[in-house]
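Each remark here refers to the structure printed beneath this line.
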Amino acid sequence: MARFDSELLRSNARMAQTIAYGIWLAAYKLRDNQNLSPALLLERHAARQPNHPALLFEDRKLSYQELNARANQYAHALERLGVKKGDVVAVLMDNRIEYLVACMGANKIGVVSALINTHVAGIQLSHALQICEPSFILLGAEHVDNVRDLGDALPIPAERVLMMRDGDLRAELPGSVDFDAVIDAAPAHNPEQTAQQSIHDPFVYIYTSGTTGLPKAAMMKNQRVMKAMHVFAGPVAHITPSDVVYTSGLPFYHSSGFILGYGMALVGGATCALRRKFSATQHFDDCERYGATVFAYIGELCRYLLASEKRPSEKRHKLRMVVGAGLRPDIWEPFVTRFNIPAVREFYGATEGNVGIVNFDGKPGMLGRLMPGQVVALAEEGTADVARDPQTGLCTKAKAGQDGILLGMINKVNSFDGYVDKEKNAGKVLVNPFGDGKNYFNTGDLVRVHEHGYVSFQDRLGDTYRWKGENVATSEVALVLTDAPTVREANVYGVEVPGCDGRAGMAAVVTEGELDLAGLGAHVEKNLPAYSRPLFIRVQREMKLTASFKYVKTDLKEQGFDPGAVEGDPLYFWNGRAYEPLTDVLYQQIVSGSIRL
């Protein structure tokens, strides 16, 4: 590990100040550029460098001119269907060129794209489609089955479903629109409205689990998206047209794939290489094949790469930097060493939040240094609530060596756009917590403060845990479980598994009669995506409650899924197909890593 002596720390501090000013300057300029949008930026690149490669996907290549023309056709096709500014089109398809065509085309005419998680089905899919109130659903042929299975729960008539083929794959939904034909017949010139869009207009909705209820749609306005894209492409990674940014298969329905991966390339006028889904065995083959110079990551991706067999391509790449979040300290140096990564830019950010931190000096395990307007407040133990002085009601800032909740000051540069459902916003904003008249966004994330302003991630507080790169709301899973056969109550929480990032889902349940294992397994498989299905089930006679009638989780988390620590309660393990009894032998196989989760 690098030695951070006093001179190096002074040098890092000067660098941090310079970078902080660069980030602030980018945000300030965007604030005054009232018509800038991702779609307008695409048009400018198409005019300046029309033949430069914009997208690489499988055996396809689109130049900036071709991407812009196809996005124009999409925009005009929507208009022919009567879609207008402010309307919402829900997008449900895999990572591929058409995904970006859709989002950029919609942005040209002020239409909002609601980015639907491709892993959700049943109750969750119906809810995600309903809360964004779409005028139309843009549906890739690869996901028609999940929509067809909704039946009457589909929130709009089938006549408002726009079907798009996936290469040679075509699918039909009775009554739906063959949208490929509509796009092919549309003109390819730039719409006049693009230059008239406001930086304050919404661009996309990105769903976040939050801490309560089913998924919430976070509003991402042009200003917020452009600020993030400019920061990643500028001060963080210094992207130029000569770069090739590989998205690593990170899903476009999340910020990591869309705003980080594609956004860096768009702002820098660089080439973006896409992959439909992440593959540890093909990752560096793709980097070599496309000539990638930068790739976007999440922590779980890095761990999967380290666990994969060695390949010649992992040393033959042209990478100069990787950018992402969640690279844990225990694998940081092995990852950098094995794959010959020249530079790591680790960052912290929340989809709906206004807090961004970047680790510019490569100190393992750190999110980076706190930026102006970012503070850490002491928390009420075991909760996502800030601690307040009983007399004044004010919060206390954490000092070096202390843990606390990360907060971000809300101002014109660092705004909080909030959720589509405005009633969900109040719980995320702290009004004047330090008596300085300023309001702050509460990330709900516990961090530790270190010397010289560094912070490290400790835990996600409240009723949320992270697994397989996804945030899981415990109440969301509990709602689904209590609809399962024989389950009367469900208390959901995350438990640590050795060698795994994040926490695996576990549920303590109270049943009516004997637990219907087969029925429970079929229910969760139908209604929960793989990452939020509880891997462990614990059957209890009754739930323990707090004085405020909330489920007790602390003891359950500590006992985890160890058969020797659960006081005789039956335990079950989801093996990918069904729930089976969790024996001592099976437990040892899981904790030793011989069974990979």
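The values are calculated or read from the model by the stated rules, or taken from the named source; none is laboratory data. Just so you know, these numbers come straight off a predicted model, no measurement behind them. All Cβ positions, glycine included, derive from the backbone under ideal geometry; neighbour counts span all protein chains shown. Just so you know, the surface numbers come from the protein's heavy atoms only, side chains and all, with ligands and any DNA or RNA stripped out. Shrake-Rupley method; radii C 1.70, N 1.55, O 1.52, S 1.80 Å.
What part of the accessible area of the chain, given as a whole %, is carbon or sulfur when the probe is 1.4 angstrom? Before the final figure, lay out the partial values.
Details: 12370 of 24840 Å².
Of the solvent-accessible surface of the chain, carbon and sulfur hold 50 percent.
Partner lysines whose Cα lies under 25 Å from the Cα of Lys318, excluding those fewer than 8 positions away in the same chain, are identified as Lys61, Lys277, Lys310, Lys363.
Packing, as the average of other Cβ atoms within 10 Å across residues, places the peptides 134-142, 514-522 in the order 134-142, 514-522, highest first.
Tell me whether the range 104-221 comes out rounded, prolate or oblate; compute the Cα gyration tensor, take square roots of the eigenvalues as a ≥ b ≥ c, and use a/c under 1.5 as the rounded threshold. Write down the numbers at each step before the final one.
Details: a/c = 2.21, a/b = 1.09, b/c = 2.03.
Oblate, because a/c is 1.5 or more while a/b does not exceed b/c.
Output the antiparallel fraction of DSSP beta bridges having both residues in the chain, as a percent to the nearest 5.
Approximately 60 percent, going by the DSSP bridge assignments.
Here the range 94-133 is scanned for amide nitrogen atoms under 19 Å from the site 7 Å beyond the Cα of Asp145 along Cα-to-Cβ, giving 94-95, 117-126.
Taking all protein chains into account, the per residue accessible area for the chain stands at 42 Å² (1.4 Å probe).
Extents of the range 226-342, taken as max minus min of Cα coordinates on every principal axis and listed largest first, are 37, 27, 26 Å.
So for the range 486-539: antiparallel DSSP bridges make up what percent, rounded to the nearest 5?
Details: 8 of 12 bridges.
About 65 percent, rounded to the nearest 5.
Averaging 1/r over every pair of different alpha carbons in the range 184-267 and inverting the result gives a Kirkwood radius of 14.7 Å.
The residues neighbouring Pro134, those whose beta-carbon lies less than 10 Å from its own, together hold a net charge of -1 under the Lys/Arg +1, Asp/Glu -1 convention. The C-alpha atoms of the range 432-586 occupy a region whose extents along the principal axes are 57, 34, 31 Å, arranged from largest to smallest. With the highest mean first, a sort of the peptides 559-569, 196-206 on other beta-carbon atoms found within 10 angstrom per residue produces 196-206, 559-569.
Only aspartates and glutamates eight or more places from Lys468 in sequence, or on another chain, were considered; those with a Cα closer than 19 Å are Asp94, Glu300, Asp330, Glu346, Asp445, Asp459, Glu476, Glu496, Asp501, Glu525. When you restrict to C-alpha pairs under 8 Å that are six or more residues apart and normalise by the size of the range 478-597, the relative contact order lands at 24 percent.
Just want to confirm a number: the relative contact order over the range 468-521, from Cα pairs under 8 angstrom separated by 6+ residues, in percent.
Details: 67 pairs, mean separation 18.6, N = 54.
It rounds to 34 percent for the range 468-521.
Assuming 0.36 nm per residue, please report the length gained on full extension of the stretch Thr240 to Gln282 beyond their Cα-Cα distance. Mind dumping the intermediate values first?
Values: separation 42, 0.36 × 42 = 15.12 nm, distance 2.55 nm.
Going from the current span to full extension adds 12.6 nm.
Could you work out the relative contact order of the chain? I mean the mean sequence separation of Cα pairs under 8 Å and 6+ apart, divided by the number of residues, in percent. The partial results should precede the final answer.
Working: 1260 pairs, mean separation 61.7, N = 597.
So the answer I get is 10 percent.
Extension gain Leu306-Asp584, at 0.36 nm per residue separation less the Cα-Cα distance, in nm?
Numbers: separation 278, 0.36 × 278 = 100.08 nm, distance 2.84 nm.
So the extension gain works out to 97.2 nm.
Take the alpha carbon gyration tensor of the chain, find the square roots of its eigenvalues, order them as a ≥ b ≥ c, and report rounded if a/c is under 1.5; if not, report prolate when a/b exceeds b/c, else oblate. Judged from the Cα gyration tensor, the chain comes out rounded (a/c under 1.5). Taking the helices alone, the chain has a mean residue ellipticity at 222 nm of -8500 deg cm²/dmol, built from -39,500 (n - 2.57) per DSSP H run of at least 4 residues and averaged over all its residues.
Only helices at least 27 Å long along their own axis, judged from Cα atoms, and with Kyte-Doolittle mean hydropathy of -1.0 or greater: name those in the chain from DSSP H. Result, helices passing both filters: 6-32.
Can you list the lysines whose alpha carbon is less than 21 Å from that of Lys221, not counting same-chain residues fewer than 8 positions off? The qualifying lysines are Lys29, Lys84, Lys85, Lys108, Lys412, Lys422, Lys424, Lys428.
What does the charge count around Lys557 come to, taking other residues whose C-beta lies under 11 Å from its C-beta (Lys +1, Arg +1, Asp -1, Glu -1)? Around Lys557, the surrounding residues sum to -2. Here the Karplus relation 6.51 cos²θ - 1.76 cosθ + 1.60, evaluated at θ = phi - 60°, turns the backbone of the range 507-514 into coupling constants of 9, 8, 10, 10, 10, 9, x, 6 Hz, with x for every Gly and Pro. Stokes-Einstein diffusion for the range 283-325 at 4 °C, viscosity 1.567 mPa s, with a Kirkwood radius from C-alpha pairs, works out to 121 µm²/s. Its alpha carbons considered, the range 30-148 gives a radius of gyration followed by a Dmax of 15.3, 46 Å.
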